[in-house]
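Structure, as structure tokens:
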Amino acid sequence: MTDITTLEADISAAIAAAADAAALEAVRVSALGKSGSISELLKSLGGMSPDERREQGPKINGLRDRIQAAIASRKADLEAAELDARLAAERVDLTLPAPPRRKGSVHPTMQVMDEMIAVFAEMGFSVAEGPDIETDFNNFTALNFPPKHPAREMHDTFFLPEDEHGERKVLRTHTSPVQVRVMHAVNEKVPAWVANGQEPPIRVIVPGRTFRKDSDQTHTPMFHQIEGLVIDKGIHMGHLKWTLETFIARFFETSAVETRFRPHHFPFTEPSAEMDVKCDRSGGEVKIGQGEDWLEILGCGMVHPNVLRNCGLDPDVWQGFAFGCGVDRLGVLKYGMPDLRDMFASDARWLAHYGFSAFAAPNSATGLS
Ligand code: PHE
């Protein structure tokens with residue numbers, strides 16, 4: 001039967017040439033569909049004589065079975081090829097670096113504050129706080145600034161508008177007003193959150209925000225200070241010097257930092273001093289523990305008897321020392337930042353570079369870091 005042989009060859013060639021599922025389906029319809037070539041042959045069996053049918057029947061049925069099998073096998077091949085193509089196109093390249101994950105960091109000011117608090121906490125200081133908006137009395141008068149004295153202008157104060165009592169509050173120019181709050185709290189048992197309501201001896205540090213009209217490479221209108229106050233019997237300059245020298249060595253994690261005390265004037269301490277650290281400023285950047293320059297880092301002194309009196313403590317019984325230290329400036333020194341103003345510029349790249357991980361391994365000196 002040349003007819004069947006040729007037909008089978010033609011259909012087989014068409015199956016092999018079908019490039020996709022749609023082409024294969026077209027071949028199937030033309031062969032096995034209602035009026036397909038093989039279906040027509042099957043129909044022709046009805047018009048044959050029994051002998052003819054006996055001979056042709058198995059051949060035509062065999063042809064149909066082989067073509068059905070060939071179509072099924074081609075269909076499976078096409079599906080496998082299509083899957084391979086999809087897998088190749090959609091392959092995940094595991095060698096590509098993962099996109100960076102956004103993560104926050106601890107701001108250097110907060111990091112440095114925590115480090116400072118940790119050092120003082122080990123020396124037995126507790127933390128007291130006070131508000132950013134202060135009365136003129138706490139910020140100046142109680143601290144022995146004479147009324148109307150130009151010393152009040154010394155701090156380039158931000159004054160608030162007069163309130164209903166005709167009083168002009170200030171954005172505190174230093175953390176020293178919290179000294180007043182702490183000492184008053186001891187006497188008057190006023191809010192415990194400022195002072196733990198403790199009797200002398202008092203040993204507190206006061207971290208917080210402070211404000212002055214000032215802006216250049218080493219000054220910003222808002223900055224942070226840590227105040228220290230110690231009140232006890234028989235306190236003298238030796239205690240002050242030891243405390244601050246020990247603090248500096250622990251904070252900078254080296255005993256190689258040289259310090260000196262220079263006489264100075266503050267209305268609220270007598271005698272008063274500024275503490276300098278030795279540094280090298282030759283390369284545009286300040287390096288601690290080397291060089292021949294001195295850099296002022298804090299003010300300090302023995303609490304003035306008038307301040308003790310203003311806060312209800314008898315200066316014949318109680319003495320004390322106090323200090324006030326710029327937190328941001330110490331951070332700039334310790335971690336080598338070129339410009340203090342960057343601390344508050346909120347540049348995400350700067351923060352990513354200088355920020356600290358909240359979960360970094362403990363630092364040997366401070367237990368923080
Ligand atoms: N309050 C002072 C300042 O901000 C620093 C200081 C605090 C000095 C305590 C002496 C004692 O400049």
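Pop out the carbon and sulfur fraction of the accessible area of the chain as a percent, whole number, probe 1.4 Å.
Within the chain, the accessible surface is 55 percent carbon and sulfur.
Hand me the GluC sites (Glu not before Pro) from the stretch 8-94 located in a DSSP loop with no more than 16 other Cβ atoms within 10 Å, in residue order please.
Those satisfying the criteria are E90.
On full extension of the chain, what length is gained from R281 through R101, given 0.36 nm per residue of separation minus the C-alpha to C-alpha distance? Please report the intermediate quantities before stating the final value.
Working: separation 180, 0.36 × 180 = 64.80 nm, distance 3.77 nm.
Roughly 61.0 nm would be gained on extension.
What length, rounded to one decimal in nm, is gained on full extension from D339 through to R53, with 0.36 nm per residue of separation minus their alpha-carbon distance? Please report the intermediate quantities before stating the final value.
Working: separation 286, 0.36 × 286 = 102.96 nm, distance 10.30 nm.
Value of the extension gain: 92.7 nm.
Estimate the FRET efficiency between D3 and A72 by the formula 1/(1 + (r/R0)^6), using the beta-carbon distance for r and 30 Å for R0, to the nearest 0.05.
Numbers: r = 24 Å, r/R0 = 0.80.
Calculated transfer efficiency: 0.80.
Over all alpha-carbon pairs of the stretch 32-81, lay out the pair-distance distribution in 10 Å bins, whole %, shortest bin first.
Pair shares across the bins are 25, 42, 22, 9, 2.
Rank these by accessible area, largest first, 1.4 Å probe: M110, M343.
The ranking, largest first, comes out as M110, M343.
What FRET efficiency would be calculated for the residue pair F137, D232, taking the C-beta separation as r and a Förster radius of 30 Å, to the nearest 0.05?
Working: r = 25 Å, r/R0 = 0.84.
That gives a FRET efficiency of 0.75.
Looking at the stretch 222-369 from every direction and averaging, what is the projected area of its Cα convex hull in nm²?
On the way: hull surface 43.0 nm².
The Cα convex hull of the stretch 222-369, projected and averaged over all directions, gives 10.8 nm².
Over the chain, with the other protein chains present, what is the accessible area per residue in square angstrom, probe 1.4 angstrom? Each step should come with its number before you reach the end.
Details: 19830 Å² over 369 residues.
Accessible area per residue, the chain: 54 Å².
Could you work out how far the C-alpha centroid of the stretch 1-41 sits from that of the stretch 94-148, in angstrom?
85
What is the sum of charges, Lys and Arg at +1 and Asp and Glu at -1, for the other residues whose Cβ falls under 13 Å from the Cβ of I67?
Working: positive: R28, K59, R64, R66, R74, K75; negative: E8, D10, D65.
In short, +3.
How many nm is it between the label spots at E162 and A88, if each spot is 7 Å from the Cα in line with the beta carbon?
Inter-label distance under the simple model: 8.7 nm.
Between A249 and K43, what is 0.36 nm times their sequence separation minus the Cα-Cα distance? Round to one decimal in nm.
Extending this stretch completely gives an extra 63.6 nm.
If you look for lysine pairs in the chain that are eight or more places apart or on different chains, how many of them have Cα atoms under 29 Å apart?
22
Would you mind counting up the charge near P263? Only other residues with Cβ under 13 Å from its Cβ, with Lys and Arg at +1 and Asp and Glu at -1.
Here the charged neighbours net out to -2.
Mind grabbing the accessible area of S12 for me, 1.4 Å probe, Å², rounded to tens?
That residue has around 50 Å² of solvent-accessible surface.
Given the -39500 (n - 2.57) contribution per DSSP H run of 4+ residues, what per-residue ellipticity at 222 nm results for the chain, rounded to the nearest 500 deg cm²/dmol?
-12500 deg cm²/dmol
What share of all Cα pairs of the stretch 108-354, in percent, falls into each consecutive 10 Å distance bin?
7, 31, 37, 20, 5, 0
Between A121 and F359, what FRET efficiency comes out of the Förster formula 1/(1 + (r/R0)^6) with R0 = 22 Å and r the beta carbon distance, rounded to 0.05?
Plugging the Cβ-Cβ distance into 1/(1 + (r/R0)^6) gives 0.60.
Per residue, how big is the convex hull of the stretch 205-286 when only Cα atoms are used? Give it in Å³.
Hull volume over Cα atoms, normalised by residue count, gives 141 Å³.
What number, in percent, do you get for the relative contact order of the chain if the mean sequence gap of Cα pairs under 8 Å and at least 6 apart is divided by its residue count?
Across the chain, relative contact order equals 16 percent.
The values are calculated or read from the model by the stated rules, or taken from the named source; none is laboratory data. In this text the structure is predicted, and so the values were computed from the model without any measurement. So basically every Cβ, Gly included, is an ideal-geometry build from the backbone, and we count neighbours across all protein chains shown. These accessible areas exclude ligands, DNA and RNA; they are computed on the full protein's heavy atoms, side chains included. Shrake-Rupley method; radii C 1.70, N 1.55, O 1.52, S 1.80 Å.
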